[in-house]
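Each remark here refers to the structure printed beneath this line.
The values are calculated or read from the model by the stated rules, or taken from the named source; none is laboratory data. Being a predicted model, the structure only gives us computed values, none of them experimental. In this analysis, Cβ positions are derived from the backbone assuming ideal geometry, glycine residues included, and neighbour counts consider all displayed protein chains.
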Protein chains: 2
Amino acid sequence: MSDTPKSTPTKPKRFSTVEQWDMETDVAIMGFGGAGSCAAIEASDAGADVIIFEVTAASGGSTALSSAEVYMGGNGGTAVQKACGYDDSTEDMFNFLMAAMGELADEDKIRMYCENSVEHFDWLVSMGAKYKNSEYKERAIMAVTDDCLLFTGNEKSYPFREIAKPCPRGHNLEVEGDNGGPMLMGILTEQVGKRPIRVEYNARALTLIADDDGAIQGIVVRIDNEERNVRARKGVILCAGGFVMNQEMLKKYVPQVSIGNIPIGNPGDTGAGILMGQGAGGAVIHMNEAFITLPFYPPGSLTFGIFVNAQAQRFINEDIYHARMAHHILKQSGQGIYLILNHDDYEHPPFLGAEVAGTGETIEELAEDVGLDADMLRHTIEFYNQHAANGEDPLFHKHEAWLKPIEPPYAALDCTPGSGVFYPYFTFGGLDTLPTGEVLTMEREVIPGLYAAGRTACGVPRTSAGYGSGMSVGDATFFGRVAGKAAAARNG
Amino acid sequence: MSDTPKSTPTKPKRFSTVEQWDMETDVAIMGFGGAGSCAAIEASDAGADVIIFEVTAASGGSTALSSAEVYMGGNGGTAVQKACGYDDSTEDMFNFLMAAMGELADEDKIRMYCENSVEHFDWLVSMGAKYKNSEYKERAIMAVTDDCLLFTGNEKSYPFREIAKPCPRGHNLEVEGDNGGPMLMGILTEQVGKRPIRVEYNARALTLIADDDGAIQGIVVRIDNEERNVRARKGVILCAGGFVMNQEMLKKYVPQVSIGNIPIGNPGDTGAGILMGQGAGGAVIHMNEAFITLPFYPPGSLTFGIFVNAQAQRFINEDIYHARMAHHILKQSGQGIYLILNHDDYEHPPFLGAEVAGTGETIEELAEDVGLDADMLRHTIEFYNQHAANGEDPLFHKHEAWLKPIEPPYAALDCTPGSGVFYPYFTFGGLDTLPTGEVLTMEREVIPGLYAAGRTACGVPRTSAGYGSGMSVGDATFFGRVAGKAAAARNG
């Protein structure tokens, strides 16, 4: 069997052909990242024997590469939310997430997530995660200080602020800089180590083992170049990430990410778990949805600028989350996306990678430099300025906190896809699962003994239009736990 | 088995459980529309025994409900193209269709279609289709006269006109009014009748019959409330239309069509053929793509107007095909899409159903009537007018033939989705097939004995962004023929 990523389902080995079991356990878990570690801990705590199979030499997965922010709230608020003076209601969180995911929303998953999010916070703390009772008030992707709470999505921007009372729900670990991922995975790995959980590193899961009724009985893994048959009496949980590193799957399902240039994920995000689940009869859903973003903040000051398209028109309120911006950028006609601002508002955006497309003391100079129609650009800026001076944005309802006239000297950053500016991306599609993690067939029938969590499943976050930071690690850890408990409780 | 449309694959009956064959044939065809009739004729002409199973009491399918325009050209031109003075090259047709379908294009199908399109024209003529050697020069969805040739897509509009030399390729039968569909299906039905092809009406196909290797051996149909096992020695061809009448499938795969209000298709377009193919192991592709359109012409005079969004901004060249317009309308932020024009250019658009949103002697009056920002609207119109007077559209490159300043008195038509204006729709997604019609698994392996054509397969037309009238009936009849020949040639 080749290790080259493919895009076709991986057929399970037939149970009846298994001649011997090389290992036996109650619950076998593929992948030792955020979802896998949480699944293992909960399954073990429920009394199940657990083995984790990790393809690399260490735990971590894509969670370790992330900021490990976790999106949590509701039920009156987490301890941090309360300490910071926020009284977050479950309904506000639910209504926000439902609106954010729009027609793609999985109401059952969102409901469970919102109702149990404070409990999840407490559990993370009980594991050893430290969160400071403080708020980070900058407009940011994550807190670069050790402060905890911050707005990480579109809660305060139109139209969401009119749908649900805005509340910050991004929880950042008490650590300086972008070091939350290694810290969280360190904590979870230590917790795994404290339990009677066996971990096999450098162990590549190859295929599931299914009986004639389609129930999953185990998994085949390759360790030391030998295939081992692993009996999983209660179930197999696929926590092997998404498919952002699988070119063939990207081309087949999400060709639009070809405008992106930075895949977010670890080299193991080859879709192997999704394909194994699919081969066992699992349905895949929303495979055409991807997170694509333009990380134009921090610094927040750039949000005082306006984004214009090739026609020098604004097209969305600029105070939105950065992935929602990219979502709308992809809808524009013509070639050319520019962030225009007053030169004094310019600070270096560390994650953007944009070139300066032009500068000017006058709008005409700027337009000529950038290659935009000067009359269009003049009207766009003047119209914006005139209303911004009154704290209004009649076209797109940008929040007044970010409204002020754009004065000369002007600068324009080139945010055109393909210009070299950063458009990171990862995948949202995956196995169709119940909130319990049970993998569903196309008939939405449960495949006995098969579970998935994290980006191997299609979870709460499903569209760039409504994504917020912390939803991925939140979804992976939360539903990893749920799947671990569900598998352990199964009478296999 | 219930007749209520479902969205889950229909599992095939096991060959080994068939106790008796109620009918036997070489080729069994599900559906007697454009694809099915052409498949039957070619299979029969190749010497195969053929039975068509049609769920209704008559032939027709969705082809009979259409104008039956067929998109054809290349190879120096069809007889009509030549007579009208067009020298159409295969490469121009190929390059146009490749650009029109963009990243979704099936190069092999488009290549085969373009290379054999003139032959297909000659075959249709040999069947009895009559095409007049004349061109219909109005901007239209179909010719309402008995003239034949017309531009039916985006060939003349930016950017396509710069990619391939524009040529009209829509072929309209020699019949007055919108009566091409019944005429074409009459002709094809008559040709079926001349051949030793058995037709079973009121015959609902229920499931395929597959052997243990997955090869298709027949089909189960219900006739007179009895299930009949039909042996198909060479193959089964699924020509049962798309899934525009299946609410559950629409919701699952193309939620965006919820803005549409007129499904285009016949009541049998329930996806039954797709689900049977899927149950037999066939892969479905591009299920999230749909044709959605805003039929704002004829009359062509409305193309002198401009479309603006809720921000009173233009967003695309208005000389494009009507489905491309809807494709871009769906990308706009906010609620509100208006077609603004000089009152004298207004003629009743028979297929649009739009209310007048406002009128005015001045832009300010119009803006107030419609509820748009007057300053934005003034700039949009004045900018457009200033350049239109010079025959230019620097923003969107509308063709100069449609450029002239919009003078008062003004009128605005409400084209906002949901306002009551017509947004017809149908589905593009379907079974993954080779150009031969052979249905492919997710591994892209051929399922022996299974073919699909028409909207049961995912064919040449795949996105509203590049669709043109005549591509559906063109694809259905062309690839129906190919599938009929391929099935007849198979050693079953």
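Does A:Asp147 qualify as being in contact with a strand residue (DSSP E or B) (Cβ under 8 Å, 6 or more places away or on another chain), in contact (Cβ under 8 Å) with a residue 12 or more places away in the chain and crowded, with 18+ Cβ neighbours inside 10 Å? Walk me through how you get there before you give the answer.
Working: in contact with a strand residue (DSSP E or B) (Cβ under 8 Å, 6 or more places away or on another chain): yes; in contact (Cβ under 8 Å) with a residue 12 or more places away in the chain: yes; crowded, with 18+ Cβ neighbours inside 10 Å: yes.
In short, yes.
Determine whether region A:456-463 contains at least one residue that is at pLDDT 95 or above and surrounded by fewer than 23 Cβ atoms within 10 Å (Cβ to Cβ). Spell out how you get there, then give the answer.
Our first condition is that a residue be at pLDDT 95 or above; within region A:456-463, this holds for A:456-463.
This time we only want the ones that are surrounded by fewer than 23 Cβ atoms within 10 Å (Cβ to Cβ), so: A:463.
Scanning region A:456-463 turns up at least one residue that is at pLDDT 95 or above and surrounded by fewer than 23 Cβ atoms within 10 Å (Cβ to Cβ).
Determine, yes or no, whether B:Gly241 is buried (at least 24 other Cβ atoms within 10 Å of the Cβ) and either assigned to a loop (DSSP other than H, G, I, E, B) or away from chain A (no Cβ under 14 Å) (or both). Talk me through it step by step, then tell me what you get.
Working: buried (at least 24 other Cβ atoms within 10 Å of the Cβ): yes; either assigned to a loop (DSSP other than H, G, I, E, B) or away from chain A (no Cβ under 14 Å) (or both): yes.
Spelling it out, B:Gly241 is indeed buried (at least 24 other Cβ atoms within 10 Å of the Cβ) and either assigned to a loop (DSSP other than H, G, I, E, B) or away from chain A (no Cβ under 14 Å) (or both).
I'd like the residue in region B:299-315 that is part of a loop (DSSP other than H, G, I, E, B) and aliphatic (A, V, I, L, M) and, out of all such residues, is surrounded by the most Cβ atoms within 10 Å (Cβ to Cβ).
Pass one, region B:299-315, residues part of a loop (DSSP other than H, G, I, E, B): B:299, B:305, B:309-315.
From what is left, the residues that are aliphatic (A, V, I, L, M) are B:310, B:312.
Numbers: B:Ala310: 19, B:Ala312: 24.
Taking the candidates together, the pick is B:Ala312.
Checking A:Leu434 against (1) in the same structural domain as A:Gly34 (by TED's automatic domain parsing); (2) farther than 23 Å from A:Lys109 by Cα, which single condition isn't satisfied?
For A:Leu434, the exception is condition (2).
For region B:132-190, what are the residues that are aromatic (Phe, Trp, Tyr) and more than 18 Å from the chain's Cα centre (by Cα)?
First, the residues of region B:132-190 that are aromatic (Phe, Trp, Tyr): B:136, B:151, B:158, B:160.
If the condition is that a residue be aromatic (Phe, Trp, Tyr) and more than 18 Å from the chain's Cα centre (by Cα), then B:Tyr136, B:Tyr158, B:Phe160 are the ones that fit.
Every residue, every condition in (1) closer than 18 Å to B:Ala457 by Cβ; (2) among the acidic types (Asp, Glu), yes or no:
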| position | (1), (2) |
| --- | --- |
| B:Glu19 | no, yes |
| B:Asp22 | no, yes |
| B:Thr25 | no, no |
| B:Ala28 | yes, no |
| B:Gly36 | yes, no |
| B:Ala46 | no, no |
| B:Ser59 | no, no |
| B:Ala64 | no, no |
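Quick check on region A:126-147. Is at least one of its residues over 14 Å from A:Tyr467 (Cα atoms), among the aromatic types (Phe, Trp, Tyr) and away from chain B (no Cβ under 14 Å)?
The answer is yes; a qualifying residue exists.
Could you list, in sequence order, the residues of region A:100-110 that are more than 14 Å from every other protein chain (Cβ to nearest Cβ) and either within 27 Å of A:His322 (Cβ to Cβ) or in contact with a Phe, Trp or Tyr (Cβ under 6 Å, 6 or more places away or on another chain) (or both)?
The first filter runs over region A:100-110 and keeps only residues more than 14 Å from every other protein chain (Cβ to nearest Cβ), leaving A:100, A:108-110.
Residues satisfying the conditions are A:Ala100, A:Lys109, A:Ile110.
Anything in region A:425-435 that is within 14 Å of chain B (Cβ to nearest Cβ) and either farther than 19 Å from B:Gly281 by Cα or modelled with pLDDT under 95 (or both)? List them, or say none.
A:Phe428, A:Gly429
Please work out which residue is surrounded by the fewest Cβ atoms within 10 Å (Cβ to Cβ), limiting yourself to region B:436-455 and to residues that are modelled with pLDDT of 95 or more and out of contact with any strand residue (DSSP E or B) (no Cβ under 8 Å at 6 or more places or on another chain).
Filtering region B:436-455 for residues that are modelled with pLDDT of 95 or more and out of contact with any strand residue (DSSP E or B) (no Cβ under 8 Å at 6 or more places or on another chain), the one surrounded by the fewest Cβ atoms within 10 Å (Cβ to Cβ) comes out as B:Glu445.
Go through region A:255-290 and report how many residues are assigned to a helix (DSSP H, G or I) and either surrounded by fewer than 24 Cβ atoms within 10 Å (Cβ to Cβ) or of a type in the set (A, V, I, L, M) (or both). Reasoning before the result, please.
Residues of region A:255-290 that are assigned to a helix (DSSP H, G or I), as a first pass: A:255-259, A:272-279.
Of the ones still in play, those that are also either surrounded by fewer than 24 Cβ atoms within 10 Å (Cβ to Cβ) or of a type in the set (A, V, I, L, M) (or both) are A:255-259, A:272, A:274-276, A:278-279.
Residues meeting the conditions: 11.
When region A:257-289 is examined, which residues are found to be away from chain B (no Cβ under 14 Å) and under 22 Å from A:Ser67 (Cα atoms)?
Initial filter on region A:257-289 (away from chain B (no Cβ under 14 Å)): A:261-270, A:272-273.
Within region A:257-289, A:Asn261, A:Ile262, A:Pro263, A:Ile264, A:Gly265, A:Asn266, A:Pro267, A:Gly268, A:Asp269, A:Thr270 qualify.
Inside region B:6-48, can you point out the residues that are under 30 Å from A:Glu445 (Cβ atoms) and either assigned to a helix (DSSP H, G or I) or within 22 Å of the chain's Cα centre (by Cα) (or both)? Full working, then the answer.
We begin by selecting, within region B:6-48, every residue under 30 Å from A:Glu445 (Cβ atoms); these are B:6-19, B:28, B:30-31.
Once the filter is applied, which keeps residues that are under 30 Å from A:Glu445 (Cβ atoms) and either assigned to a helix (DSSP H, G or I) or within 22 Å of the chain's Cα centre (by Cα) (or both), region B:6-48 yields B:Ser7, B:Phe15, B:Ser16, B:Thr17, B:Met30, B:Gly31.
Kindly indicate the residue of region B:380-402 that is crowded, with 17+ Cβ neighbours inside 10 Å and without any contact (Cβ under 8 Å) to a residue 60 or more places away in the chain and also farthest from the other protein chains (Cβ to nearest Cβ) among those meeting that condition.
The selected residue is B:Ala388.
Would you confirm, using the coordinates I've provided, whether A:Phe296 is touching a Gly at 6+ places or on another chain (Cβ under 9 Å), in a loop (DSSP other than H, G, I, E, B) and farther than 30 Å from A:Thr8 by Cβ? Spell out how you get there, then give the answer.
Numbers: touching a Gly at 6+ places or on another chain (Cβ under 9 Å): yes; in a loop (DSSP other than H, G, I, E, B): yes; farther than 30 Å from A:Thr8 by Cβ: yes.
Spelling it out, A:Phe296 is indeed touching a Gly at 6+ places or on another chain (Cβ under 9 Å), in a loop (DSSP other than H, G, I, E, B) and farther than 30 Å from A:Thr8 by Cβ.
Output the residues belonging to region B:365-378 that are part of a helix (DSSP H, G or I), within 9 Å of another protein chain (Cβ to nearest Cβ) and either in contact (Cβ under 8 Å) with a residue 12 or more places away in the chain or within 15 Å of B:Phe307 (Cβ to Cβ) (or both). Steps first, answer last, please.
Of region B:365-378, the ones part of a helix (DSSP H, G or I) are B:365-370, B:374-378.
The next check asks that each one be within 9 Å of another protein chain (Cβ to nearest Cβ); those that pass are B:375-376.
Across region B:365-378, the qualifying residue is only B:Met376.
Any idea which residue in region A:92-149 is nearest to A:Gly430 (Cα to Cα), counting only those that are out of contact with any Cys (no Cβ under 8 Å at 6 or more places or on another chain), of a type in the set (Gly, Ala, Ser) and not in a helix (DSSP H, G or I)?
Ranking the qualifying residues of region A:92-149, first place goes to A:Ala105.
Would it be correct to say that A:Gly466 is on the phi > 0 side of the Ramachandran plot, modelled with pLDDT of 95 or more and not in a helix (DSSP H, G or I)?
Numbers: on the phi > 0 side of the Ramachandran plot: no; modelled with pLDDT of 95 or more: yes; not in a helix (DSSP H, G or I): yes.
In short, no.
I'd like to know if region B:326-346 contains one or more residues that are farther than 24 Å from A:His379 by Cα, more than 14 Å from chain A (Cβ to nearest Cβ) and in a strand (DSSP E or B).
no
How many residues does region A:167-199 hold that are in a loop (DSSP other than H, G, I, E, B) and without any contact (Cβ under 8 Å) to a residue 60 or more places away in the chain?
Residues of region A:167-199 in a loop (DSSP other than H, G, I, E, B): A:167-169, A:172-179, A:194-196.
Okay, now just the ones that are also without any contact (Cβ under 8 Å) to a residue 60 or more places away in the chain, so A:174-177, A:179, A:194.
Of the residues in that region, 6 qualify.
Restricting region A:239-259 to residues that are at pLDDT below 90 and aliphatic (A, V, I, L, M), which is farthest from A:Gly271 (Cα to Cα)?
A:Ile259
B:Asp414 is checked against (1) on the phi > 0 side of the Ramachandran plot; (2) of a type in the set (D, E, K, R); (3) in contact with a strand residue (DSSP E or B) (Cβ under 6 Å, 6 or more places away or on another chain) and fails just one. What number does that condition carry?
(1)
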